[in-house]
Structure formats: structure tokens, C-alpha cells
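Written out below as C-alpha cells is the structure these notes cover.
The values are calculated or read from the model by the stated rules, or taken from the named source; none is laboratory data. Every value quoted in this text rests on a predicted model; they were computed, and no experiment measured them. Note: ideal-geometry Cβ built from the backbone for every residue, glycine included; neighbour counts use all protein chains shown.
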Amino acid sequence: MLTHFGLKPRTIHIGCPDQNGDIEASNGGLKRALRQHLLLRGSRDFATLEAYEQFIESVMEQRNQGRQTRLAEEMAVMQLLAAQALPAYQEVRVKVNRAGLIRVQNNSYSVPTTLIGHQVSVRIYEWHLELYYRRQQLETMVRLVGQQKQQINYRHLIDSLLRKPGGFRNYRYREALFPSLVFRQAWEQLKQWYSPRKADLTYLRLLRLAARHSESEVATALSLLLAQTTRWDDLDVEQLLQPRVIAEIPVVAPPVINLNQYDRLLQEVSYDPA
């Protein structure tokens, strides 16, 4: 970033943190101010990321109100930046491995298994990633914060897992294949009823139904079946997902309009030039 804007960094000596005291003090002061405003607000929960950013900006504006005079003195001697703004994203090229995953900044993300073995482009934004193949955008994913984390989407992997259902039980990222609690409860119930292979295959078919239809509808169907004491499988879930029969719309005959009625109206209208 410094090179892009033509700036020169200035470092401190080893073991001399006091040489950077102004920055450290300002950083600590901002954290204390944010903590105090959160206490006054009464909650640390925000509905959206945008709402949290607006909160930060409001605190910064209050803190900077008393610094306008000194800021004006600094702005008077600053030079204009000749370089353009930094790009909003960083683009990298990665290869999709045999498991249908890509590694971006030491984190793993699942992608459609049709891309296995291919090179894809990933644009890294502040809060999300965009996946491109042959200049066509395929996916938008939430960017993971930290390292050695995984973001697994069962919709990407379900077809590959169904071809080899025996690998599901010992799958490294199996926990990511339970979208909600009711799916895990269904899996636990299937394990008690059926053999390992049939239980695995039945659950994977449930995931395929969720990927092709609606995850919420499959979850609702599973909740209804789990409340029963009889055995069920993916075919029972699929039957509950059948579309409802819509009543036939009656056929309404169009009215027959006699245009001669308009001619009769024109004949009855008298024209008075006065």
C-alpha cells in the first residue's frame, strides 16, 4: 500500500515501543471510547454489518469534532496523491482439488465439483469472495476471518458424495453437511433404524432434496416425520414435498359485444350548434 501511494515507511527500533507511543495511545483511546458507547447503547448486537459500521462512524465523528483545527493545519501542508485508489479486491488463481475445495489465504472453500482439476480466479474483497471461471462469475461466498477454517456448502458436494456414499460417514467435513439441528436429528434416527450404508445413502438423498427443492421445506417435512414412531426414508420426505393440486380455474366465456349499439347511440345524439 505504501508503494502504491509513493510513501516511505518509518519503523521503530527493536525493543523500543515508546517510540510509537502516539499511535498506540490513539488506538487504545479509540477502543475505550467504543467500549463506553457500547455500554451506553446497552447491547453489542447489531442487525447488520452496515448498522455496526454506522455506529463506528458516529463515534469517530464525535471524537474528531475537537480536532478540526489541527487537522486543517495538517491538510494545508499535505500534498495531493498522484496515484489512483487501490483496487477494491485482490485477485488470485487457484486450482480446485480432488475434494472440490479451493485454498484461499489458508482457508478452505467448497466449489461445484464440476470444477475439480480446473484453475479458477478468486477476487478477494473485504467481506466476501467472488469465484470466476473463464471470466464468468459462478459464486459469491462469505470471506472467512482467520486461518485454517472451512466453508463447506453441501449443494456443491452432494452429487459427488452420492456417487460414493461410503465416504460420508468418515468425511473430514461431515459436520458441515448438517444444515440445521433437524437434519442432524434425522441422521441420528436413520443410524438407529438402518444399516450404515442405507442410513448414509438415505441421508445423502435428503440433502439432495434440500439442494434441489427447498431446505426449509425439507426441514419441515423431517420435523413432521420425526414426531412419528414409524420408520420413514427419503421417499416419504419426497412425497411430502409433492406440489399441492391447484383447483382448476373455470373457463369464462368472453361476452359477445354488439357494436350496433354504439351506432344507435350516435343516431340518438342531437347536435345543437348554438
Residue list for the range 44-79, filter: closer than 25 Å to Glu126 by Cα, in a loop (DSSP other than H, G, I, E, B) and of a type outside the set (A, V, I, L, M) | Arg44, Asp45, Phe46, Thr48
Exactly one of Glu61, Glu57 is among the acidic types (Asp, Glu) and either within 26 Å of Arg143 (Cα to Cα) or surrounded by 11 or more Cβ atoms within 10 Å (Cβ to Cβ) (or both), and that residue is Glu57
Only one of these conditions is not met by Arg123: (1) assigned to a strand (DSSP E or B); (2) over 30 Å from Lys8 (Cα atoms); (3) not acidic (Asp, Glu). Which number is it?
-> (2)
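Table: residues versus (1) at pLDDT 90 or above; (2) buried (at least 18 other Cβ atoms within 10 Å of the Cβ); (3) touching a His at 6+ places or on another chain (Cβ under 7 Å).
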position	(1), (2), (3)
Phe183	yes, yes, no
Ala186	yes, yes, no
Gln192	yes, no, no
Thr202	yes, yes, no
Leu207	yes, yes, no
Ala210	yes, yes, no
His213	no, no, no
Val218	yes, yes, no
Ala221	yes, yes, no
Per the filter on the range 80-112, residues touching a residue at least 12 places away in the same chain (Cβ under 8 Å), closer than 24 Å to Glu126 by Cβ and surrounded by fewer than 13 Cβ atoms within 10 Å (Cβ to Cβ) are Leu81, Ala83, Leu86, Ala88, Gln90, Glu91, Arg93, Asn106
Write out, first by first residue and then by second, each pair whose Cβ atoms fall under 6 Å of each other, whose residues are 6+ apart or on separate chains, and whose first residue, in the range 222-246, is within 18 Å of Lys198 (Cα to Cα) while the second is at pLDDT 85 or above and surrounded by fewer than 13 Cβ atoms within 10 Å (Cβ to Cβ).
-> Arg231/Trp193
If Leu131 satisfies every condition in (1) among the aliphatic types (A, V, I, L, M); (2) farther than 22 Å from Asn106 by Cβ; (3) part of a strand (DSSP E or B) but one, which is the exception?
-> (2)
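Please verify whether the range 75-87 includes one or more residues that are under 21 Å from Lys31 (Cα atoms) and among the hydrophobic types (A, V, I, L, M, F, W, C).
Going through the range 75-87, the residues under 21 Å from Lys31 (Cα atoms) turn out to be none.
No - not one qualifying residue is present in the range 75-87.
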Identify, by number, the condition in (1) surrounded by 10 or more Cβ atoms within 10 Å (Cβ to Cβ); (2) without any contact (Cβ under 8 Å) to a residue 12 or more places away in the chain; (3) under 27 Å from Glu61 (Cβ atoms) that Leu40 doesn't meet.
-> (1)
Given (1) in contact with a Phe, Trp or Tyr (Cβ under 9 Å, 6 or more places away or on another chain); (2) part of a loop (DSSP other than H, G, I, E, B), index of the condition Arg169 fails | (1)
Of the conditions (1) in contact (Cβ under 8 Å) with a residue 24 or more places away in the chain; (2) acidic (Asp, Glu); (3) more than 30 Å from Tyr173 (Cβ to Cβ), Glu74 fails just one. Which one is it?
-> (1)
Hey, among the residues in the range 15-56 that are more than 36 Å from the chain's Cα centre (by Cα) and of a type outside the set (D, E, K, R), which one's farthest from Met78 (Cα to Cα)?
-> Gly15
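Given the condition surrounded by 11 or more Cβ atoms within 10 Å (Cβ to Cβ) and under 35 Å from the mean Cα position of the chain (by Cα), answer yes or no: does some residue in the range 7-14 qualify? Spell out the reasoning first.
The first filter runs over the range 7-14 and keeps only residues surrounded by 11 or more Cβ atoms within 10 Å (Cβ to Cβ), leaving 7, 12.
Next cut, under 35 Å from the mean Cα position of the chain (by Cα) only: none.
No, the conditions are met nowhere in the range 7-14.
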